[in-house]
Amino acid sequence: MHSLEKLRKNIASVFFGRAEAITHLIVGLLARGHVLIEDVPGVGKTVLARALARSINCQFSRIQLTPDLLPSDILGVSIYNQEKRNFEFKPGPVFANIVLADEINRTTPRTQSSLLEAMNDNSVSMDGQTLSLPQPFMVIATQNPFEFEGTYFLPENQLDRFLLRVQLGYPQRQREMAILREQPGRHRLEYLEPVLSSEDVRALQGQAAQVKIDEVILEYIMDIVQASRRHELLHTGISPRGSLAIMQAVQALALVNGRDYVTPDDVKELVVAVCAHRVITRNYMANGDMSTAVRIMQEILQKVPCPL
């Protein structure tokens, strides 16, 4: 069995939600990106993230974001060693391969922003020195919808660091019946065995970057990007970082689907998940739940001609 199919099946053995959510999470891993999972409480956001982490034999850490959390609680802190008479840096939980930032929008913007350098440069700057993070490195953040009490908006520059924004939705009736019968998140998750090593992941990331993407597909991506920048209901369209994110994501999706080339359908599947959280609508307050941005990106996708 293909290694990526093993990974997918391993996650699906404990997460009974939409199969597309599993695929998109794997895409984020292979594209060296970070994933934001957003939905109401209780639909399996944390189970999905932990299932991916346990499926890879690498270092995992979980950060429960709360309003009183400080940046040093995430990045680490320098402690004075009286015997050696110097300061020693004690790494925080961000120094792991897979970092689960649970309920990221429940902590303050200052603490949220402490993750920016780690997510963008795979490094942390502390006390005048820059420390590299282990590879592979991926942040999987979960958040509840912004209208829930005690939540904060994520800054636009931090949203832009997430390759994909995934919404789970409620499971189908039969799948939810299976959850009731088997309770996989309680009984199976802790015993989930890894199916990939960190070296396997790095090799797959290298393969994803080599997936062929035709000039016609690149033109199609640029047509979508340009349409977002001209749309009358968008204050800010897709940035160059966003267009690069589309390319990297569709290359990873092609590899997940067993191909070494990208098709227009790959672009159609991922554009909304990659771009809806990057654009800013004219009605700024409509950005919180993303429904307006999602609808606009779906409209753009329908109107932009697709190559054959």
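Every residue, every condition in (1) basic (Lys, Arg); (2) out of contact with any strand residue (DSSP E or B) (no Cβ under 6 Å at 6 or more places or on another chain); (3) modelled with pLDDT of 90 or more; (4) closer than 22 Å to residue 158 by Cα, yes or no:
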{"residue": "47", "(1), (2), (3), (4)": "no, yes, no, no"}
{"residue": "84", "(1), (2), (3), (4)": "yes, yes, no, no"}
{"residue": "94", "(1), (2), (3), (4)": "no, yes, yes, yes"}
{"residue": "115", "(1), (2), (3), (4)": "no, yes, no, yes"}
{"residue": "138", "(1), (2), (3), (4)": "no, no, yes, yes"}
Screening 206, 128 for residues that are free of Cβ contacts under 8 Å to residues at least 24 places away in the same chain, closer than 21 Å to residue 257 by Cβ and loosely packed, with under 15 Cβ neighbours inside 10 Å leaves only 206
Before we move on, is residue 63 buried (at least 22 other Cβ atoms within 10 Å of the Cβ), outside any loop (DSSP other than H, G, I, E, B), touching an Asp or Glu at 6+ places or on another chain (Cβ under 8 Å) and modelled with pLDDT of 90 or more? yes
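The values are calculated or read from the model by the stated rules, or taken from the named source; none is laboratory data. Keep in mind that this is a model prediction, so the values were computed, not measured. Ideal geometry is used to build each Cβ from the backbone, glycine not excepted, and the neighbour counts take in all protein chains shown.
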